Amino acid sequence: MGYLRVSTIEQATHGYGLDVQRAAIRAAAEAMGARIVKWCIDDPKSGALPADERPGLTEGLTWLRDGQADGIITRDLDRLAREVTVQEAILAEVWNRCGARAFTATGEVERDDPDDPYRTAMRQMMGVFSGLERRLIVKRLRDGRKAKAAAGGHAVGRAGYGWRSVGGALVEIPAEQRGLARLKELAAGGASTRAIAATLAEEGHPTQRGGRWTSPVVARILSRQVEAVAA
């Protein structure tokens, strides 16, 4: 079972895409002689969230517990989690409750061995640095907003979706505000950026620039919401 995850922060800063992850997983599975029987996706979902708050991962763990898949494979462990406590909890679920195996694109994540404490320590250390990277990204976003605010006017460069800048102040655009509220509602319900884009287009909500709703457009709007929370 292949697991893919992209967060709003990563979409905004790194451009890590589902296609890149899928290609890496397929190549690794082929090299191991394995077959992907199921793709489970969380898009966008933070790697700091526990498994029960990620619909894609929850579905994947159910497949493992039901014996419909023998293991889970991700591009690397930070797709599974960016917080070491979450990472270890998920791995424990895979190994102990599901009785399955865990893999990344570079090979198997081996189970803990009491005779090899370095194995666990090195894996957990990588998880610590992954969590640190996430917090540094949030800090850079927050510092950028503060710097823009100190320069005067609103602190987000171009006014975000749902707003326009009038004399340095932000004024709501009612039609876009309704679209923004619907977008947040769909995202909170676990919908992917692709599904959100399709729903907004079907319901007739306008985009900011008059174009069509796409997954990257939704991701950019969501990334602004992350920046606003982090500020």
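The values are calculated or read from the model by the stated rules, or taken from the named source; none is laboratory data. As the structure is a computational prediction, the values presented were derived from the model and not from experiment. Virtual Cβ from ideal backbone geometry, glycine too; neighbours counted across all protein chains shown. Accessible surface areas use protein heavy atoms only, side chains included; no ligands, DNA or RNA. Shrake-Rupley method; radii C 1.70, N 1.55, O 1.52, S 1.80 Å.
Brief remarks follow.
- Some residue of the range 33-44 being open to solvent by less than 20 Å² (accessible area, probe 1.4 Å) and part of a strand (DSSP E or B): yes
- Matching residues, the range 170-191, being within 13 Å of LEU222 (Cα to Cα) and open to solvent by 40 Å² or more (accessible area, probe 1.4 Å): ALA181, ARG182, LYS184, GLU185, ALA188
- Among the conditions (1) open to solvent by less than 50 Å² (accessible area, probe 1.4 Å); (2) in contact (Cβ under 8 Å) with a residue 24 or more places away in the chain, the only one that TRP95 does not satisfy is (2).
- Residues in the range 66-80 that are under 12 Å from VAL109 (Cβ atoms) and of a type in the set (Gly, Ala, Ser): GLY71 only.
- Being of a type in the set (S, T, N, Q), open to solvent by 50 Å² or more (accessible area, probe 1.4 Å) and either touching a Leu at 6+ places or on another chain (Cβ under 8 Å) or at pLDDT 85 or above (or both) is true of GLN208.
- Per-region count, the range 48-79, residues surrounded by fewer than 22 Cβ atoms within 10 Å (Cβ to Cβ), of a type in the set (Asp, Glu) and under 21 Å from the mean Cα position of the chain (by Cα): 4
- Number of the condition not met by THR106 [criteria: (1) surrounded by 18 or more Cβ atoms within 10 Å (Cβ to Cβ); (2) β-branched (Val, Ile, Thr); (3) more than 19 Å from ARG65 (Cα to Cα)]: (1)
- Residues in the range 70-115 that are closer than 17 Å to ARG26 by Cα and of a type in the set (Asp, Glu): ASP70, ASP76, GLU108.
- Options ALA12, ALA27; residue that is at pLDDT 75 or above and either in a helix (DSSP H, G or I) or not small (Gly, Ala, Ser) (or both): ALA27
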